[in-house]
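Engineer: This is the structure, below, for whatever I ask next.
We did not get these values from a lab; they are worked out from the coordinates using the rules stated. Please read all numbers here as calculations on a predicted model, not as lab measurements. Here the Cβ is made from the backbone with ideal geometry for all residues, glycine too, and neighbour counts use every protein chain on show.
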Amino acid sequence: MLAGDLSFLFLSVMAGLLALLLIVLEWTLPVLPSPLRPICDLRVLDHFIKEARDAEVAMKACREGCSLSESATVPQTRVDFDVWEKQNSSQQADEVQSGLWLLQQALNLLRTSVTNTALHSHIDTSIRNLLSISGVLRSLNIQEYTPPASAADVEGTWRVSTATELLQVHVNFLRGKVRLLLMDAQACQQDVS
Amino acid sequence: MTCDHPSRLLALYVIICATTRASYIGQGARDFEKKVSMLLEQEPENPKCFAQGRKDFTCFWADDEERAGSVDQYAFMYTYQNENSSRCPLRELRVPGGKRLFVCHLNQTQMFVQMDIQINWEGRLIHNRSLLIELTFLLDPPANVTVSRTGHQGQLNVTWVPPPLKYMDDSMMYEVSYAAEDSQVGQVQVAWASSMLILRGLLPGTKYKVRVRVKLDGISYSGYWSAWSDPVFVETPPAELDPLIVSLTVIISLILLVLSLMMLLSHRRFLMNKIWPAIPIPDSKFQGLFTVYDGNFQEWLGHTNGSLWLRPTYFYSEECPSPLEVLSELHLCTSLPSPPLPPKASRALSLGRKDDTKTGLEAREPLERGDSTQSDNWLMDRLRALHQHPIPCSQSSLLESQDTYITLSKNNHGEDKHSNDPLEETLPLEVLFTSRKTVLSESHSDLGSGSGHLSSQSSFEYPNHAGTSKGPGYTYMAVADSGVSMDYSPMSRLDDIGRVAIYAHDYKNEIPVHRGPFLQRQHSLHGDC
C-alpha cells in the first residue's frame, strides 16, 4: 500500500517536471516563424489594383476637400523591361518594398489631408490593401524592409503635390513593379515547375 | 571550276536568305498595315498609338489635306512623367487608299508611367495626347489555331498559341467566334488566360468556321482587340443515337407489347365475340330439338306440349311484348280492314316502305326463294281486294285499348287476346296455306328436317296511317302470310294446319322459328316496340 502510493507520487512528480521543462524550453528557444503558404495567385493583387483604380477615379471626380496638405514622396513607377530584367531579385524586392513603404506614408498623409468623407473609405481601403500586399510579399519569403529614418533618404523617388497624382502613382506602382515582382517570385516558380 | 561552286552556292544562299527575310518583312509590313488601318477606324484621337510588345511602340497620324506638309515640317515630342521631353524621328508611309501617314517608332519604352505626346507642325501644336503605353497594346492574332473533335456530340475543341509576350500571358483574354458555314449569325465565347476552349451545343454534322482574337484584359495591361485569326473549318461529328435512349425505347416498347398481349389474351373471348360474333343457334329455345330429336322438328313437336309456345316471355324475355290484334275477317265477309301492307321482309327495305304499299310490295325481294313471289303477289292482290272493301265485321271484336293485339277467330268472335288455341285458324289463312301448298314445291330445310322449309319473306304491315283508315283507332297490323309457307307432306287436312307450324316472319339469324300465327305477329310487333 505504501509502495503504491510512493510510486504514484513519483510518477506525478516526473510528469510535472517534464511539463515545466517544456514550458521553459518554449520560452528560451527562439520562436521560429511557421512558414506561410505562398500566395501566388495574382488575382489577389488584381483585386487590389481594381480598388486602387476606383479610388483614383473617385478622386478625379472630387471637387472639394480633396487636396494634399503638403507634397508627398512617392516611388517611381516606370518600368523599362530591359533595365528590370537586368536587376536581380533582391534589387527588385528592395525597390518594391521601399516603394510600398513610401506609399503607406503618403496615403496616411492623404487620409489626414482629405476632408471629403466619401473618399475616406477609398483611402482606408487602399491603406489596408498596402498592408495586405506586404503580407503577400512576406509569404513569398521576400525579405523584410527596414524603413529608413525619413522618406528623403530613399532613392528613386518623386514628389507629388496633388491627391490625384498620388493615387495615380499608387495605381501605377501596383500594376507595374509589384505585379512583376510577384510574377517572378521564386516561391511561385517552384510550384509551377 | 572548283572556286565557282562555293561562290555560286554562297550567292544562292544569300539570295534565299534575302527572299526569306523579304517575305518576313513583307508579312510584317502587311500586318502593320492591317493594324494601321484598324486603328484608323477605331481610334478617334490623334496621334494613334499602339504597342506591339514589351519594348515596341508606334505612333502615327494621317496627313491632313489642308496642310500637305512634308515630314520635316512635323516634330514629334514625347515626355515621360517627371522627365525631359525627347523627340521621335518620323517617317512617311503610304497606305492603300491614297493616304499619307507619319509614323514614329520607339524601340525603348517605359511602362506604368504617363507619357505626354505633342506634335508640332512648324512650331505650332497640332496634336496633343497623354497616355500610358501598357494600356495601348495591339497584338497579333493567335497563331496555330486548331479545332478538333472531342469524343462527345456537338462539341469541338479549339486550341491556339498565345502571342509570345513575357509577363503578360495571364493577362490575356481571347474571343472565339464560331458560326455554321451556311449561317450568317455566329456566336462568340470568351476565354480568360487560357489557350484552349471547348465549344458546346453545336449542331451535329455541320461545318463550322472558327476564329480567335486576343486582347489584354485591362487590369494591369490593356489595349485593342487584335485582328481575327485565319478561319478554320471543321465539321462536327454526325448525329448518333444515344444508346441509352435507344435501349430505353426498346424496353418500353417491349413492356407495352407484353401488356397489350396480356390484355388481348385475357379478353380473348370478348374480343372474338365482338369481331366475329357467333351465329346464335336456336338450341336454347328448343329444348332437346337438336340433342334428342336430331333436328326432327315434327317429332319434337309431338313430344312437347303446346304451352311452350304460349308464353311469349319464354321467347322474348328481353323484349316488350305488346299484343297485336289481327283483324281476321277474311273468313266471313272478306272485310279485313287491313290494307295491303308492305312487307317487312328484310331490314334493308325498312326505309320508306310504309309510304307506298304497292311499291313496297313490289320492292320486296325474296331472300331465299325466287318462286315464292308468285304466291306473294297472289296474296297481296287478295289483301288489296280485301282492303278496298273494308267491312267492319269485327267491330265488336275491336278493343278500345291502345295496345295492339292479335285475335284469331274462326267464327268472328275473336275477342280473346293471346289466343291460346293454335288450332283456331282463319279461313283466309287456310285458303292461303292451301293455295300455297300447291305452289310450293321446294323444300328448304333450315331446321334440319327435310320436310320443312321457311320462306324468307314476311309480310308485315305496320300502317302509319292508322288515323286515316276507317278501321279501328288503334294501330293494327295485318299479316299477309305470303312470305311464309311451310310445306309439310301430311298437310292435307285443314285441321292439321293448326298443328302445322305457321310462321310468317323472316327467318334470319336473329329470329327463331316459332309456331302460331299470333306469335309471329307478336314477333313483328316486338320488332317495333
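Engineer: Suppose the chain between B:M272 and B:T206 were pulled fully straight at 0.36 nm per residue; how much longer would it get relative to their current alpha carbon spacing?
Structural biologist: Length gained, B:M272 through B:T206: 18.4 nm.
Engineer: Shifting gears a bit: Suppose the Debye formula is applied to equal point scatterers at every Cα of the range A:42-188; what is log10 I(q)/I(0) at q = 0.10, 0.14 Å⁻¹?
Structural biologist: -0.32, -0.63
Engineer: Right, something else. Which Cα, out of A:L107, A:N88, A:I142, lies furthest along the positive dipole direction of chain A (beta carbon charges, K/R +1, D/E -1)?
Structural biologist: A:L107
Engineer: Amide H to amide H under 5 Å from B:Q114: which residues, 5+ apart in sequence or cross-chain, H placed 1.01 Å off N in plane?
Structural biologist: Correct list: B:Q81.
Engineer: Moving on. Give the average, rounded to an integer, of partner chain Cβ atoms located within 10 angstrom of each Cβ in B:131-143.
Structural biologist: 1
Engineer: Per Stokes-Einstein, at 4 °C and 1.567 mPa s, what whole-number D in µm² s⁻¹ belongs to the range B:143-236, with the Kirkwood radius over Cα pairs as the hydrodynamic radius?
Structural biologist: After rounding, the answer is 95 µm²/s.
Engineer: Tell me the relative contact order for the range A:42-188 as a rounded percent, counting alpha carbon contacts under 8 Å between residues six or more apart.
Structural biologist: The normalised contact order for the range A:42-188 reaches 46 percent.
Engineer: From other protein chains only, count the Cβ atoms within 10 Å of every residue's Cβ in A:76-86, then give the mean.
Structural biologist: Whole-number average of other-chain Cβ neighbours for A:76-86 is 6.
Engineer: Taking 60 Å as R0, compute the FRET efficiency from the Cβ-Cβ separation of B:H152 and B:E299 and round it to 0.05.
Structural biologist: Working from the Cβ atoms, E equals 0.10.
Engineer: With label points built 7 Å along Cα→Cβ from the Cα atoms of B:D283 and B:A68, find their separation and express it in nm.
Structural biologist: Distance between label points: 12.4 nm.
Engineer: If I require 24 Å or longer along the helix axis, counting alpha carbons, and a Kyte-Doolittle average no lower than 1.0, what helices from chain A are left? Use full DSSP H segments. Don't jump to the answer; show the numbers that get you there.
Structural biologist: Working: long enough: A:2-28 (39 Å, 1.96); A:43-61 (27 Å, -0.28); A:89-113 (36 Å, -0.28); A:117-139 (34 Å, 0.28).
Membrane-span-like by this rule: A:2-28.
Engineer: May I pose another question? Pop the C-beta distance of A:H47 and B:A180 into the FRET formula with R0 = 25 Å and round what comes out to the nearest 0.05.
Structural biologist: It comes out at approximately 0.05.
Engineer: Taking the Cβ-Cβ separation of B:A143 and A:T115 as r and a Förster radius of 51 Å, what is the calculated FRET efficiency to the nearest 0.05? Kindly include the intermediate steps, with their values, before the conclusion.
Structural biologist: Values: r = 54 Å, r/R0 = 1.07.
Working from the Cβ atoms, E equals 0.40.
Engineer: Here is a follow-up. Taking only C-alpha pairs under 8 Å that are 6+ residues apart, what is the relative contact order of the range B:186-265 in percent?
Structural biologist: Computed value for the range B:186-265: 27 percent relative contact order.
Engineer: Can you work out the Karplus-derived ³J(HN,Hα) for every residue in the range B:105-117? Use 6.51 cos²θ - 1.76 cosθ + 1.60 with θ = phi - 60°, whole Hz, and x for glycine or proline.
Structural biologist: 10, 10, 9, 9, 10, 10, 9, 6, 9, 6, 10, 9, 10
Engineer: Starting with the fewest neighbours, write out A:V96, B:V210 ranked by other beta-carbon atoms found within 10 Å of each beta-carbon. Don't jump to the answer; show the numbers that get you there.
Structural biologist: On the way: A:V96 25, B:V210 22.
By the 10 Å Cβ count, ascending, the order reads B:V210, A:V96.
Engineer: What are the residues whose amide H is under 5 Å from the amide H of B:R100, where those residues sit 5 or more places off or on another chain and H is modelled from the backbone?
Structural biologist: Distant-sequence amide H within range of B:R100: B:D63.
Engineer: Continuing with this model, one more query. Looking at chain A, which longest stretch skips every one of the GluC sites (Glu not before Pro) that is in a DSSP loop with at most 12 other Cβ atoms within 10 Å, leaving the sites themselves out?
Structural biologist: It runs A:71-143.
Engineer: On to the next question. Taking each residue in A:38-44, count the Cβ atoms of any other chain within 10 Å of its Cβ, then average. What number comes out?
Structural biologist: Averaged over the peptide's residues, the number is 1.
Engineer: Per-residue HN-Hα couplings for the range B:269-274, Karplus 6.51 cos²θ - 1.76 cosθ + 1.60 at θ = phi - 60°, whole Hz, x for Gly and Pro?
Structural biologist: Ordered by residue, 3J(HN,Hα) equals 5, 4, 5, 5, 5, 6 Hz.
Engineer: How many nm separate the modelled label positions at A:N108 and A:D80, each set 7 Å beyond the Cα in the direction of the Cβ?
Structural biologist: Going from the A:N108 label point to the A:D80 one covers 3.3 nm.
Engineer: Can you compute the modelled spin-label distance between A:T162 and A:L21, with each label point 7 Å from Cα toward Cβ, in nm?
Structural biologist: With each label point 7 Å from Cα toward Cβ, the separation is 7.1 nm.
Engineer: In terms of modelled amide H atoms, which long-range or inter-chain residues lie less than 5 Å from the amide H of B:S222?
Structural biologist: Correct list: B:L135, B:T136, B:F137.
Engineer: Over the Cα atoms of the range B:14-135, compute the convex hull volume and normalise it per residue, giving Å³.
Structural biologist: With only Cα atoms used, the range B:14-135 gives 130 Å³ per residue.
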